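Report on the following structure.
The values are calculated or read from the model by the stated rules, or taken from the named source; none is laboratory data. Quick caveat, the model's predicted, so the values are computed rather than measured. With ideal geometry, Cβ positions are generated from the backbone for all residues, glycine too; neighbour counts draw on all protein chains shown.
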Amino acid sequence: MNRTSLRYIRYTVQAAFLAITLLAGYQFYRFVLHFEGPGNPFVQRPPSVDAFLPIAGLISFKNFLHTGLIDPIHPAAFIMFTAIISVSLLLKKGFCGWICPVGTVSQYFWMAGEKIFRKNFRVWKYADVAIRSIKYVLMAFFLVFIGGMMSQNAVAAFLRSDYFKVADVKTMKFFTEMSAETLWFLIAAGGLSLIYKNFWCRYLCPYGALLGLLSRLSPVKVRRVEKNCTHCRACSRHCPALIDVEKQEVVSSAECFGCLTCVSRCRAEGALDLTAGVSTKRKALNPHLYPLLLILVFYLIIGGGMLAGKWHSRLSDEEYQRLIPEAAEMSHPTSFGP
Ligand code: SF4
Ligand code: SF4
């Protein structure tokens, strides 16, 4: 298979995951509707919507490290969180480049912007570094408050709270019953995503920031071989993460999301490869294997969770009937104390 096909394989994988997400979102919407009013048919709750609860996943992960138990209310949030960080540790930030629907929508925006304006704009390089720090500050905030300051008693209380039980419903309502502030924020983010590549992922996403740092530990990296490189700069010009690949020997940046655009654009035999290993012992990997490995690891962990009975929520329909009509009014339990 030629390397150009890598881009089209990625677009197909991204579109497939986006379609799966939209279908799951619609099914969840109908599930909620059933409990909100009479006459709406019952549909099963799709557990994969828990992927949109990364903070719940982090709290659940902390609880697991402390107790060895997986919370039974949103077990899929824990499984998805574990799958996503494992993929990042093993196969760099490929989750962002191939699976994450938010990354895919971000990409559609900058591609549309490129068509409209005939180019994408670049933030001035020092401002770019400063604005990129926002996502690390947000990440540090969550890690310090949840990982450090939130006591185990507070974790246990949160996981038992009504707020946590309907965190998925509240997340959905954040979009379906959007406040004016949210709407303006999304319009601004959409506008900026049209003119700047991956605006959300590059500057604001704390989850991506965490995955980027973990991905630096991954043995899989893009490597450039100087003696075979013709310095055409196609790799640097097309990198959606704005990495100057042509100046690197091994791409170890936390911004690299493993899209393999650079590899697919390089025409010089043996100049740019996907590799696995450490320092001088790197071996070239067939880049077409990368998406297969990514999806395999992702679904192996999810499948393991399913087989262990840690995928579907144990919350009863009676509990949903009690909580869903009140979900919009519920506020966050604020205590981090003992
Ligand atoms: S695209 Fe290939 S040949 Fe061109 S600069 Fe990059 S690594 Fe070198
Ligand atoms: S360095 Fe290559 S794999 Fe990494 S983001 Fe840029 S184009 Fe994608």
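I'd like the residue in region 192-234 that is among the hydrophobic types (A, V, I, L, M, F, W, C) and buried (at least 22 other Cβ atoms within 10 Å of the Cβ) and, out of all such residues, is farthest from ligand 2 (Cβ to nearest atom).
Per the criteria, the residue is Leu210.
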- Kindly indicate whether Ile295 is among the aliphatic types (A, V, I, L, M) and without any contact (Cβ under 8 Å) to a residue 24 or more places away in the chain. no
- Give the number of residues within region 101-138 that are out of contact with any helix residue (DSSP H, G or I) (no Cβ under 6 Å at 6 or more places or on another chain), touching a residue at least 12 places away in the same chain (Cβ under 8 Å) and assigned to a loop (DSSP other than H, G, I, E, B). 2
- One residue from Pro38, Pro72 being modelled with pLDDT under 95, surrounded by fewer than 15 Cβ atoms within 10 Å (Cβ to Cβ) and on the phi < 0 side of the Ramachandran plot: Pro38
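Does Phe185 satisfy the criteria of being surrounded by fewer than 19 Cβ atoms within 10 Å (Cβ to Cβ) and under 22 Å from Phe52 (Cβ atoms)?
Numbers: surrounded by fewer than 19 Cβ atoms within 10 Å (Cβ to Cβ): yes; under 22 Å from Phe52 (Cβ atoms): yes.
So Phe185 fits the description; yes.
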- Query: Among Ala254, Ala268, which is in a loop (DSSP other than H, G, I, E, B), within 7 Å of ligand 1 (Cβ to nearest atom) and either in contact with a Ser or Thr (Cβ under 7 Å, 6 or more places away or on another chain) or not aliphatic (A, V, I, L, M) (or both)?
  - Reply: Ala268
- Note on the structure: Checked region 230-251 for anything out of contact with any helix residue (DSSP H, G or I) (no Cβ under 7 Å at 6 or more places or on another chain) and within 7 Å of ligand 1 (Cβ to nearest atom); matches are Thr230, Cys232
- Confirm whether Arg45 is modelled with pLDDT of 95 or more, over 19 Å from Ser313 (Cβ atoms) and surrounded by 20 or more Cβ atoms within 10 Å (Cβ to Cβ). no
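Here's the yes/no breakdown for (1) hydrophobic (A, V, I, L, M, F, W, C); (2) within 14 Å of the chain's Cα centre (by Cα); (3) modelled with pLDDT of 95 or more; (4) closer than 23 Å to Arg265 by Cβ:
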{"site": "Asn198", "(1), (2), (3), (4)": "no, yes, yes, yes"}
{"site": "Val225", "(1), (2), (3), (4)": "yes, no, yes, yes"}
{"site": "Asn228", "(1), (2), (3), (4)": "no, no, yes, yes"}
{"site": "Cys232", "(1), (2), (3), (4)": "yes, no, yes, yes"}
- Which residues, counting only those in region 239-252, are under 17 Å from Cys96 (Cα atoms) and either touching a Leu at 6+ places or on another chain (Cβ under 6 Å) or near ligand 2 (Cβ under 7 Å from one of its atoms) (or both)? Cys239, Pro240, Ala241, Ile243, Val251
- Message: Taking the conditions exactly as written (in a helix (DSSP H, G or I), under 21 Å from the mean Cα position of the chain (by Cα), away from ligand 1 (no atom under 16 Å from the Cβ) and within 17 Å of Tyr290 (Cβ to Cβ)), does Leu211 satisfy them or not?
- Response: yes
- Note on the structure: Of the residues in region 139-179, those that are assigned to a helix (DSSP H, G or I), farther than 16 Å from Thr67 by Cβ and polar (S, T, N, Q) number 2
